[in-house]
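To start, the structure itself, in structure tokens.
Quick note: the coordinates plus some simple rules give every number you see, no bench work behind them. Owing to the predicted nature of the structure, the values given are computational and were not obtained by experimental measurement. With ideal geometry, Cβ positions are generated from the backbone for all residues, glycine too; neighbour counts draw on all protein chains shown.
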Amino acid sequence: MTILFCLFLLLVANGAPILARLLPGLRRWNRPLDGGYRLPDGEPLFGAHKTWRGIVAATLLTAVVAGLADYPLWLGAVFGALSMLGDLLASFTKRRLKWRSGAPAPALDQLPEALLPLIFLASPLELDGPSILLIAVLFTVLDRGLSRVLYAWRLRHHPW
């Protein structure tokens, strides 16, 4: 159950920013997390698609889902926040490599987002190494497939 629950939490954290984008009342939170700051390499710190709205939505929705599943709210909130931190690390890396925003980077787009919460919360989630690896691989495969579906439904800007 924990493996499926963790996989579900990853999907919730990953999808929350997309869902939040659809809610008109949250438009005022659609501000880049990096404030448009550019590093000396001329590239943004994270990019315009990493917003306060997305970070807050992922953290709160993941907390709510954890609470509904009888896990502590703090566990869900930390899980969501760590997942988004992994997403930011991937975005930071892509900007340093001068890849355009939204450019596909299989594994880089999914693994930091999955591994950070799974590794840091392994003890309270009762996960071992093989379980963490399995969840990360399953998340990578599911995320790639779901991205194509969301693109077809015009909920995502890119088909990856």
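Assorted remarks:
- Every condition in (1) surrounded by fewer than 21 Cβ atoms within 10 Å (Cβ to Cβ); (2) touching a Gly at 6+ places or on another chain (Cβ under 9 Å); (3) among the β-branched types (Val, Ile, Thr); (4) within 19 Å of residue 135 (Cβ to Cβ) holds for residue 78 except the one numbered (2).
- Against the conditions (1) closer than 21 Å to residue 128 by Cα; (2) surrounded by 19 or more Cβ atoms within 10 Å (Cβ to Cβ), residue 94 satisfies every one except (1).
- Residues (out of contact with any helix residue (DSSP H, G or I) (no Cβ under 7 Å at 6 or more places or on another chain) and in a loop (DSSP other than H, G, I, E, B)) located in region 10-33: 23
- The condition of being part of a helix (DSSP H, G or I) and either of a type outside the set (S, T, N, Q) or under 22 Å from residue 122 (Cα atoms) (or both) holds for only one of 67, 36, 42, 47, that being 67.
- Matching residues, region 102-118, being surrounded by fewer than 21 Cβ atoms within 10 Å (Cβ to Cβ) and within 15 Å of the chain's Cα centre (by Cα): 102, 104, 105, 106, 107, 108, 111, 115, 116
- Region 32-59, residues that are more than 30 Å from residue 134 (Cβ to Cβ) and either of a type in the set (Val, Ile, Thr) or surrounded by 13 or more Cβ atoms within 10 Å (Cβ to Cβ) (or both): 32, 33, 34, 43, 44, 45, 47, 48, 51, 52, 53
- Any chance residue 85 is in a helix (DSSP H, G or I), touching a residue at least 60 places away in the same chain (Cβ under 8 Å) and among the aliphatic types (A, V, I, L, M): no
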